[in-house]
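Q: The structure follows.
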Ligand SMILES: [Mg+2]
């Protein structure tokens with residue numbers, strides 16, 4: 001059976017800051033999504049990671065189906081109404097357009113979708129992140145799909161031995177998003193050269209090379225600031241990953257996420273902290289909004305999902321979280337000094353950008369020191385401090 005799996009998420013407001021949606025908001029969302037089961041949708045699961053609501057939906061309508069996207073959009077709108085009524089912080093903050101135009105992409109919510117012929121034992125994993133940029137999964141997915149030091153299936157399984165094809169999005173090109181397709185292992189160093197920059201490049205999808213029509217992973221690559229033209233919140237990527245058999249085993253992703261790699265995000269979207277694997281429905285952390293990711297494992301038959309297994313909830317992950325917390329505490333000790341703070345080009349809140357611009361006129365060129373090639377600091381003319 002050909003099935004589409006759609007994962008659509010948005011932050012439409014949270015309690016007491018950027019923490020988690022309210023129970024009332026979740027109830028409205030669950031009711032609306034559940035109501036579509038048996039008609040538009042085959043099955044669905046609703047949850048949240050930090051302040052991000054996420055809808056996992058199975059259906060037969062293909063990716064980018066306007067009705068499925070409209071359901072998600074309308075549900076976010078209804079949730080926003082409740083969020084506003086409760087005075088939730090940042091109510092509707094990820095809904096950046098007024099009129100629905102057939103697809104949530106480019107409107108604020110993040111989405112990841114995969115269409116495939118269901119295997120007899122279809123295993124899949126969903127990832128929902130909070131307080132981080134769209135390249136937050138670059139390192140763990142690179143390790144799981146391209147590095148035999150982390151992914152022994154690349155050596156041990158004929159299904160994986162040919163490697164995987166990486167579709168990588170350049171999210172910060174002046175002419176718009178652009179895609180490059182590179183095959184691992186032949187182009188491994190080129191893939192690494194791009195993925196190291198998690199603020200600009202992000203994996204958009206990964207495909208089997210032995211079975212080229214089989215998509216292994218889909219990752220949301222929306223940059224909210226490219227839609228709004230200014231900082232409005234972190235991108236918090238969602239991802240769907242098929243596992244087992246021709247793909248890495250579910251447990252082969254564990255050590256890759258156990259690294260707790262530093263990613264951009266957290267407080268004011270302007271810092272680097274390690275990505276912490278957390279159980280589902282975890283509120284954002286009051287420790288500087290450390291970036292977090294949850295992972296749910298599902299089996300599926302005829303589009304019907306089992307109950308989820310909370311993949312970062314077993315006892316082992318408490319130890320990983322302790323280590324990640326220690327990394328985060330060490331990094332925060334150096335306060336605003338880079339790399340604890342993101343580089344200037346990535347600073348999202350306008351205050352410091354505008355302030356540096358104002359300092360421009362106080363600088364004077366030192367005689368004989370160069371040809372003036374350094375770019376001016378500060379915001380371009382006309383950019384105002386949003387605060
Ligand atoms: Mg968020």
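Q: Tell me whether region 210-226 contains one or more residues that are in contact with a helix residue (DSSP H, G or I) (Cβ under 7 Å, 6 or more places away or on another chain), part of a loop (DSSP other than H, G, I, E, B) and at pLDDT 95 or above.
A: Looking for residues that are in contact with a helix residue (DSSP H, G or I) (Cβ under 7 Å, 6 or more places away or on another chain), part of a loop (DSSP other than H, G, I, E, B) and at pLDDT 95 or above, one finds at least one in region 210-226, hence yes.
To keep it simple, each residue is scored yes or no on (1) away from the ligand (no atom under 15 Å from the Cβ); (2) touching a strand residue (DSSP E or B) at 6+ places or on another chain (Cβ under 6 Å).
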{"residue": "70", "(1), (2)": "yes, no"}
{"residue": "102", "(1), (2)": "yes, no"}
{"residue": "108", "(1), (2)": "no, no"}
{"residue": "113", "(1), (2)": "yes, yes"}
{"residue": "125", "(1), (2)": "yes, yes"}
{"residue": "130", "(1), (2)": "no, yes"}
{"residue": "140", "(1), (2)": "yes, no"}
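Q: Does residue 92 satisfy being in a loop (DSSP other than H, G, I, E, B), within 22 Å of the chain's Cα centre (by Cα), within 16 Å of the ligand (Cβ to nearest atom) and under 20 Å from residue 281 (Cβ atoms)?
A: Spelling it out, it is not the case that residue 92 is in a loop (DSSP other than H, G, I, E, B), within 22 Å of the chain's Cα centre (by Cα), within 16 Å of the ligand (Cβ to nearest atom) and under 20 Å from residue 281 (Cβ atoms).
Q: Which residues, counting only those in region 33-64, are part of a loop (DSSP other than H, G, I, E, B), under 21 Å from the mean Cα position of the chain (by Cα) and either in contact (Cβ under 8 Å) with a residue 60 or more places away in the chain or within 16 Å of the ligand (Cβ to nearest atom) (or both)?
A: Within region 33-64, 50, 51 qualify.
Q: If you go through region 114-141 one residue at a time, how many are in contact with a helix residue (DSSP H, G or I) (Cβ under 8 Å, 6 or more places away or on another chain) and assigned to a strand (DSSP E or B)?
A: 4
Q: Could you list, in sequence order, all residues of region 198-209 that are part of a loop (DSSP other than H, G, I, E, B) and out of contact with any helix residue (DSSP H, G or I) (no Cβ under 7 Å at 6 or more places or on another chain)?
A: Step one: filter region 198-209 for residues part of a loop (DSSP other than H, G, I, E, B), giving 198-200, 209.
Within region 198-209, 200, 209 meet the criteria.
For (1) farther than 20 Å from residue 240 by Cα; (2) touching a strand residue (DSSP E or B) at 6+ places or on another chain (Cβ under 6 Å); (3) without any contact (Cβ under 8 Å) to a residue 12 or more places away in the chain, each residue gets a yes or a no:
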| site | (1), (2), (3) |
| --- | --- |
| 156 | yes, no, yes |
| 161 | yes, no, no |
| 172 | yes, no, no |
| 190 | yes, yes, yes |
| 199 | yes, yes, no |
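The values are calculated or read from the model by the stated rules, or taken from the named source; none is laboratory data. These figures come from a predicted structure and were not determined experimentally. Every residue, glycine as well, gets a Cβ built from its backbone with ideal geometry; the counts of neighbours run over all protein chains shown.
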